[in-house]
Amino acid sequence: MENMLQGKNALITGGSRGIGKGIAVKFAGQGAKILLVGRKLSGLEPVAEEIRAQGGQAACFQADVSQADQVEKLAKEVLEAHGQVDILVNNAGISREMPFLEMPIETFDEIMTTNMRSVMLVTRAFLPGMLERKAGNIINIGSGAALRGLPGSAAYSASKAAVVCFTQALGDEVRKLEQNVRINAICPGPVDTELFQKSERREFILQAGGDVFSTDTMADAALFLASDMSKGMNSQVLVLRGFNRW
Ligand SMILES: NC(=O)c1ccc[n+]([C@@H]2O[C@H](COP(=O)([O-])OP(=O)(O)OC[C@H]3O[C@@H](n4cnc5c(N)ncnc54)[C@H](O)[C@@H]3O)[C@@H](O)[C@H]2O)c1
């Protein structure tokens, strides 16, 4: 199928590499205008260039999505320049692995703030416009670690479990408003990105025998949720894993 996202503006956080980049390129190929968000414009521009070189449309916005003032500024800039966001992918995230008792409180806070608070802030910025227009689609990137806590990653697992429950709670809340806005999450197992390849948990996960997905496969799952192929699906968790244990 072609042009499944024609005419849509898709904002993707953490769009400079990995899963965010994969989703951006995939969505652009289906006709969406891509609004890439990241902490450094220099990291986003090459992705925008790649999309444009393939005939797509892309714009870049600088913001640390864990910071309320920066997200407020981002929303103002995006809405002024592009009018609306039809699809929001809350993808930006970090992982810091270490035994729980060795983790400084600051690291715990950094993980929670980047992985969960950012989802709340960016959703709060763009959901009102979706409700007003009676159309919108939000996809939150969780993790397999949200469903079965990953040893050595207590904070990361907890932050992603929070993303899943936020998705379910808000999805049900928004459904009651009958404004045609859907909110779902994807919980992938390992995906071949910098985050996974540099992970201290990499060997553990590989020894457990799980499949490592490509960013393109991950982007297909996101396209399913972003498109009418998943119409009616709301408050759900799409699990992208080859088997069901660590
Ligand atoms: N790779 C995996 O195995 C895997 C598995 C499950 C879930 N995930 C999740 O998928 C998402 C993407 O992961 P990835 O593997 O592509 O990681 P990655 O490290 O390759 O990319 C993460 C992106 O998020 C951006 N980012 C981080 N903090 C940010 C902030 N405060 N503001 C704006 N941008 C920020 C980074 O700059 C980068 O562009 C993350 O939420 C991650 O937790 C990844």
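Can you count the Lys pairs in the stretch 9-238 with C-alpha separation below 21 Å, eight or more apart or on different chains? Final tally of qualifying lysine pairs is 17. Atom-type composition of the exposed protein surface of the stretch 1-61 places 45 percent of the accessible area on carbon and sulfur (1.4 angstrom probe). Backbone phi angles across the stretch 25-38, fed through the Karplus curve with coefficients 6.51, -1.76 and 1.60 (θ = phi - 60°), yield HN-Hα couplings of 5, 5, 5, 4, x, 9, x, 6, 7, 9, 10, 8, 10, x Hz in residue order; Gly and Pro are listed as x. A 1.4 Å probe run over the protein chains yields, for the chain, 47 Å² of accessible area per residue, whole-number rounding. Rounded to whole numbers, the Karplus 3J(HN,Hα) couplings from phi for the stretch 161-173 are 4, 5, 4, 4, 5, 4, 4, 5, 5, 5, x, 5, 4 Hz, using 6.51 cos²θ - 1.76 cosθ + 1.60 with θ = phi - 60°, and x at Gly and Pro. Rounded, prolate or oblate: which fits the chain, taking a ≥ b ≥ c as square roots of the Cα gyration tensor eigenvalues, rounded meaning a/c under 1.5, else prolate when a/b beats b/c? Note, shape of the chain comes out rounded.
In the stretch 121-246, Cα pairs under 8 Å separated by at least six residues give a relative contact order of 31 percent.
Sorting the segments 194-206, 42-54, 141-153 by their residues' average number of neighbouring beta-carbon atoms within 10 angstrom, most packed first, yields 141-153, 42-54, 194-206.
Shape annotation for the stretch 202-246: C-alpha extents along the principal axes are 37, 20, 12 Å, from largest to smallest. The stretch 32-66 and the stretch 216-246 have their alpha-carbon centroids 23 Å apart. Under 5 Å from the amide H of L150 lie the amide H atoms of S157, each residue being 5 or more positions distant or on a separate chain, with H modelled from the backbone and absent for Pro and chain starts. Across the stretch 194-204, computed HN-Hα scalar couplings (Karplus, 6.51 cos²θ - 1.76 cosθ + 1.60, θ = phi - 60°) run 4, 4, 6, 5, 8, 6, 5, 8, 4, 4, 4 Hz from first to last residue, x flagging Gly and Pro. Once backbone amide H atoms are built at 1.01 Å from N, M98 has A154 as its partners under 5 Å, excluding neighbours fewer than 5 places away on the same chain.
The values are calculated or read from the model by the stated rules, or taken from the named source; none is laboratory data. Quantities reported herein were computed from a predicted structural model and do not represent experimental measurements. Reconstructed Cβ throughout: ideal geometry from the backbone, glycine too, with neighbour counts over all protein chains shown. Accessible surface areas use protein heavy atoms only, side chains included; no ligands, DNA or RNA. Shrake-Rupley method; radii C 1.70, N 1.55, O 1.52, S 1.80 Å.
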